[in-house]
Amino acid sequence: MIKVLFLCTGNSARSQMAEVLLNKFGKGKYVAKSAGSAPKDEVDPHTMKVIEHSGYDVTSLKPKSMDQFIDEEFDLVITLCDKMKEECPVFPNKPIYAHWGMPDPVAFEGSEDEKNAYFSRTFQEISHRIHLLLNVKIDKTEREAIEKELGKIASTWKYLR
């Protein structure tokens with residue numbers, strides 16, 4: 001199993017979406033978790049709505065602190081916000097790090113319909129990147145090649161730009 005940790009500051013939107021999507025599409029090969037450096041009290045309601053609308057179970061979703069995972073071994077650690085990239089802790093087993101920075105949908109301002117649409121596009125963007133990740137051969141002996149492939153994924157924009 002390839003263990004992946006997705007990190008965002010609040011762990012209330014992007015990282016939650018990534019965790020759900022990778023656990024769904026990578027089942028049997030990947031195990032994903034998510035956390036934040038300053039986790040919110042609850043997952044953003046728009047996040048819950050878009051995940052639930054896509055047919056996923058949301059009952060177990062809750063923000064978690066990255067501190068609870070600091071001694072856990074991961075193969076990949078993927079940050080989804082620029083602040084988290086700067087605050088990313090060093091994990092003891094030296095996982096492969098990647099940064100997939102994208103705008104925080106929680107910060108988006110607009111009408112309720114516009115917010116829902118933006119969260120949906122964010123979910124689609126992360127889903128697109130997860131599908132690209134599933135095509136990367138993860139072999140830690142090829143660290144540089146994997147980092148390069150993960151960097152290419154970070155530069156793909158299909159739904160948000």
**OP:** Working carefully through the options Ile138, Ile153, Ile146, Ile130, find the one that is at negative phi, at pLDDT 95 or above and not in a strand (DSSP E or B).
**Re:** Ile130
Subject >> Some residue of segment 29-37 being of a type in the set (Val, Ile, Thr) and closer than 19 Å to Pro89 by Cα >> reply: no
Subject >> Condition met for Phe74 (crowded, with 18+ Cβ neighbours inside 10 Å and among the aromatic types (Phe, Trp, Tyr)) >> reply: yes
**OP:** Name every residue in segment 135-161 that is exposed (fewer than 13 other Cβ atoms within 10 Å of the Cβ) and in contact (Cβ under 8 Å) with a residue 60 or more places away in the chain, in order of residue number.
**Re:** none
**OP:** Look through segment 5-21, keep the residues that are in a helix (DSSP H, G or I) and not aliphatic (A, V, I, L, M), and return whichever of them is surrounded by the fewest Cβ atoms within 10 Å (Cβ to Cβ).
**Re:** Glu19
Subject >> Residue list for segment 22-48, filter: surrounded by 16 or more Cβ atoms within 10 Å (Cβ to Cβ), in contact (Cβ under 8 Å) with a residue 24 or more places away in the chain and not in a loop (DSSP other than H, G, I, E, B) >> reply: Leu22, Lys24, Tyr30, Val31, Ala32, Lys33, Ser34, Ala35, Gly36, His46, Thr47
Subject >> Among residues of segment 86-107, those that are surrounded by fewer than 16 Cβ atoms within 10 Å (Cβ to Cβ) and either outside any loop (DSSP other than H, G, I, E, B) or without any contact (Cβ under 8 Å) to a residue 24 or more places away in the chain (or both), counted >> reply: 8
**OP:** Determine whether segment 39-53 contains at least one residue that is touching a strand residue (DSSP E or B) at 6+ places or on another chain (Cβ under 8 Å), modelled with pLDDT of 90 or more and within 26 Å of Glu144 (Cα to Cα).
**Re:** no
**OP:** Scan segment 1-59 for residues that are of a type in the set (D, E, K, R), under 27 Å from Asn135 (Cβ atoms) and over 15 Å from the mean Cα position of the chain (by Cα) and jot them down.
**Re:** Lys27, Lys29, Asp57
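The values are calculated or read from the model by the stated rules, or taken from the named source; none is laboratory data. Everything quoted here is computed from the prediction, not taken from an experiment. Because the Cβ atoms are built from the backbone with ideal geometry, glycine has one as well, and the counts that use them run over all protein chains shown.
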